[in-house]
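*Asks:* The structure's right below; bear with me while I get my questions together.
The values are calculated or read from the model by the stated rules, or taken from the named source; none is laboratory data. Since we're looking at a predicted model, the values are computed, not measured. Neighbour counts run over all protein chains shown; Cβ positions are idealised from the backbone, glycine included. Heavy atoms of the whole protein, side chains included, go into the accessibility calculation; ligands, DNA and RNA do not. Shrake-Rupley method; radii C 1.70, N 1.55, O 1.52, S 1.80 Å.
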Amino acid sequence: MEEEEAGPPKRELYALLQVSPEATDEEIRKAYRHWAQVYHPDKYQDFHMKQIATVNFQRICEAYEILSDEYKRQIYDIYGMEGITSGLELGPKLNKVEELKEELQRLRKKKEEEKMFAHFRPSGTILAHLSMPQFLDGDGIMRGMAMASEVQSQLSKRTAIAMGGNLEVNGNSGGGAASTVLRHQLSPVSSIELVASAGLRALIGVQTTRNLSSHSTATIAIAKSLRDGSINLSNTWTRQLSETANGNIQLLLGPESSIAVGWQKKEEKMSASGELKIGTSSFAASAHYTCRFSSKSHGRIAGRFGSTMLEVEAGGGRKLSNFSTVRMLYTIGIQGIFWKFELHRGGQKLIIPMLLSRHLNPVFAIGAFVIPTSLYFLLKKFVVKSYYLQREKQKTSEIKERSSAQVREARIAAEKAQQLLQTVANRKRSRQLETNGLVITKAVYGNSKALKKADKSREVNNESASEVIDVTIPLNFLINDSGQLQLHEGVKKSGIMGFCDPCPGEPKLLHVEYTYGGQIFEVEVDDYAALLIPENPRV
């Protein structure tokens, strides 16, 4: 069966006993006694009912055995049932809760360190400059090419090394360089870096960074060129301006002194940045704005101007998978009209800027923007969208097929569990009807899309019915003596007695229709959300 969607821990044992993850030992004992009265096999004479009771009673006893034991409960809270069944490699029996906590922290720290030591991140960029005018002149389409690569590795908990190199060819000239950066964390608030580079920009240098406060960071660097012996000194100050924005000032002293002021803002659906740089004989400014239209697509507008450049860039990108993003950009400026294609895959980038024209012809400029944009939207609507819908449908179908047998078994088990709850649930329902109290008239749990579609059409069709389960009986059973129904936050509802997961891997909702005080109400809650109805019961 496919793994569930990312989210909070399932906490099935808390759902079985219907207690909060923060429940006290007394609350757990009380819940166990309550469920044991319903599912104890000795209460039933019928062989079939006794079998159902035995299976569910064993589940309740297992949940109580783990949650009533301080050691096992802490292991379960951190690692789930996998930690219980595997023994978590705890070694000898620990006598105190504090010792268990220390051992668990040690194991977690060890695993984090092993993960850190194994951390090995390669990254690289390939930049291919293409020129259509050059191609039409018969000189070939390739105008130049550049490649850069870097590998980062964690040598120890505080020390890391990064080694990289780059190579650039432009026309009949070219060059390259290799560099090494050794980074060491001196303390939680400061670090130092040693830099060495060979090639066209041969240099050695040192850089130190320190957190001045929780919102401010300062960096000082000094580097000496091995080619001409010049020395560059730079100071950079970074300040967090808000929860989503920060600004920085950089002062560079050397043969090409400059001062730069910049800011960055990044939110869930947009990001923006800007920079102004003034040198001894030049100045430059740039800004960009990126807006996310959805979880998979975004748009981008950027501008750059200065003493040697003036250009505007517009375009957008789309996320192909968890690791891949493609982007298409249109640039117009004093250097000409460009298309730029970018493919980002993990830490690797492929960037292909293509020069379309060196002349700023208005008609050509408009056509170069409108034609590919129109083509993109046509392909997206009639080709890409249908392809992704078909792929998602096929993926969902495969998951359903693989999990169908387990879902059927879980649904049968839930229906059997409801049989033993029905008598008490009907008794509680009758008592609530007499006092005009809380009565659950209808409750369904399952696929959120199916339930929302059913809510609009006011009925559940045959296709949607396979992705939902009726849970009216268990919810009526869970109404307490005060006439309230309470489901705890952070507890996955499929673990509640009489429930099951009818659609593994899909987001789920609980839809409840109930009457209280002679009035009709409806409520919907997410899989892990709390539910309390009514909030203020009559005394």
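*Asks:* With a 1.4 Å probe and all protein chains in place, put K43, K492, K224 in order of accessible area, largest first. Present the calculation step by step, with values, prior to reporting the outcome.
*Replies:* Details: K43 125, K492 5, K224 100 Å².
The residues order as K43, K224, K492, largest area first.
*Asks:* Could you tell me the center-to-center distance, by alpha carbons, between the stretch 270-286 and the stretch 210-265 in angstrom?
*Replies:* Measuring centre to centre over Cα atoms gives 14 Å.
*Asks:* Further question on the same structure: Rolling a 1.4 angstrom probe over the protein heavy atoms, how many square angstrom per residue are accessible across the stretch 12-83? Kindly include the intermediate steps, with their values, before the conclusion.
*Replies:* Numbers: 3880 Å² over 72 residues.
Dividing the accessible area of the stretch 12-83 by its residue count gives 54 Å².
*Asks:* Would you kindly state the longest site-free stretch of the chain, with sites defined as chymotrypsin sites (Phe, Trp or Tyr not before Pro) in a DSSP loop (not H, G, I, E, B) surrounded by at most 14 other Cβ atoms within 10 Å? Walk me through the numbers before you get to the answer.
*Replies:* Numbers: sites that count: F293, F323.
Longest run free of exposed loop sites: 1-292.
*Asks:* Ok, one more. Using a 1.4 angstrom probe on heavy atoms only, work out the carbon and sulfur share of the accessible area of the chain in %. Numbers along the way, then the final one.
*Replies:* Working: 18380 of 32660 Å².
Reported share for carbon and sulfur atoms: 56 percent.
*Asks:* With +1 on each Lys and Arg Cβ and -1 on each Asp and Glu Cβ, how big is the dipole of the chain about its Cα centre, in debye rounded to the nearest 20? Each step should come with its number before you reach the end.
*Replies:* Values: 69 positive and 60 negative charges, 217 e Å.
In total the dipole reaches around 1040 debye.
*Asks:* Bin all alpha-carbon pair distances of the chain at 20 Å intervals from 0 and give each bin's fraction as a whole percent.
*Replies:* Bins of 20 Å from zero give 14, 36, 31, 17, 2 percent of pairs.
*Asks:* Sticking with this one: For the stretch 306-318, take each phi angle, set θ = phi - 60°, evaluate the Karplus expression 6.51 cos²θ - 1.76 cosθ + 1.60, and give the result in whole Hz per residue in order, putting x for glycine and proline.
*Replies:* x, 6, 10, 8, 7, 7, 10, 10, 9, x, x, x, 9
*Asks:* What is the extension gain from E522 to I126, computed as 0.36 nm multiplied by their sequence separation minus the C-alpha to C-alpha distance, in nm to one decimal? Please report the intermediate quantities before stating the final value.
*Replies:* Values: separation 396, 0.36 × 396 = 142.56 nm, distance 5.67 nm.
Fully extending the segment from E522 to I126 adds 136.9 nm.
*Asks:* Mind grabbing the accessible area of K72 for me, 1.4 Å probe, Å², rounded to tens?
*Replies:* Approximately 70 Å² of K72 is accessible to the 1.4 Å probe.
*Asks:* Now for a different question. With a point put 7 Å past each Cα toward its Cβ, work out how far L532 is from I222 in nm, to one decimal.
*Replies:* The modelled label-to-label distance comes out at 6.3 nm.
*Asks:* Another question about this same structure. How much accessible surface does L433 have with a 1.4 Å probe, in Å² rounded to 10?
*Replies:* Per-residue accessible area (L433): approximately 100 Å².
*Asks:* Any idea what Rg and Dmax come out to for the stretch 12-83 if you just take the C-alpha atoms, in Å?
*Replies:* Taking only Cα atoms of the stretch 12-83, I get Rg and Dmax of 13.1, 41 Å.
*Asks:* In addition: GluC sites (Glu not before Pro) within the stretch 185-292: which are DSSP loop residues with at most 13 other Cβ atoms inside 10 Å?
*Replies:* On the way: sites: E193, E243, E256, E267, E268, E275; in loops: E243, E256, E267, E268.
Passing both the DSSP loop test and the Cβ count: E243, E256, E267, E268.
*Asks:* So if each residue of separation counts as 0.36 nm, and I subtract the Cα-Cα distance between S68 and T435, what length gain in nm does that give? Don't skip to the end; give the middle numbers.
*Replies:* On the way: separation 367, 0.36 × 367 = 132.12 nm, distance 3.64 nm.
Here the segment from S68 to T435 would lengthen by 128.5 nm.
*Asks:* I'd like to know which of T244, P41, S297 lies farthest towards the positive end of the charge dipole of the chain, counting +1 on Cβ of Lys and Arg and -1 on Cβ of Asp and Glu.
*Replies:* Of the candidates, S297 comes out farthest on the positive side.
*Asks:* Separate question: What accessible area per residue comes out for the stretch 410-533, rounded to a whole number of Å², with a 1.4 Å probe?
*Replies:* On the way: 5660 Å² over 124 residues.
Normalised by residue count, the accessible surface of the stretch 410-533 is 46 Å².
*Asks:* Right, here's the next one. To the nearest 0.05, how large is the calculated FRET efficiency for L155 and W263 if R₀ is 41 Å and r is the Cβ-Cβ distance?
*Replies:* Details: r = 34 Å, r/R0 = 0.83.
So, using R0 = 41 Å, E works out to roughly 0.75.
*Asks:* Lysine pairs in the stretch 410-533 8 or more apart or on different chains: how many have alpha carbons under 27 angstrom apart?
*Replies:* So the count of such lysine pairs works out to 29.
*Asks:* Enter the accessible area of M270 (Å², nearest 10), with the probe set to 1.4 Å and all protein chains included.
*Replies:* About 40 Å², ignoring ligands and nucleic acids.
*Asks:* If you don't mind, another one. How much length is gained if the chain between S294 and I278 is pulled fully straight, taking 0.36 nm per residue apart and subtracting their Cα-Cα distance, in nm to one decimal? All intermediate terms of the calculation are to be shown ahead of the outcome.
*Replies:* Numbers: separation 16, 0.36 × 16 = 5.76 nm, distance 3.71 nm.
Using 0.36 nm per residue and subtracting the Cα-Cα distance, I get 2.0 nm.
*Asks:* Any idea what angle helix 70-86 forms with the longest principal axis of the chain, computed on alpha-carbon atoms, 0 to 90 degrees, nearest 10?
*Replies:* 70 degrees
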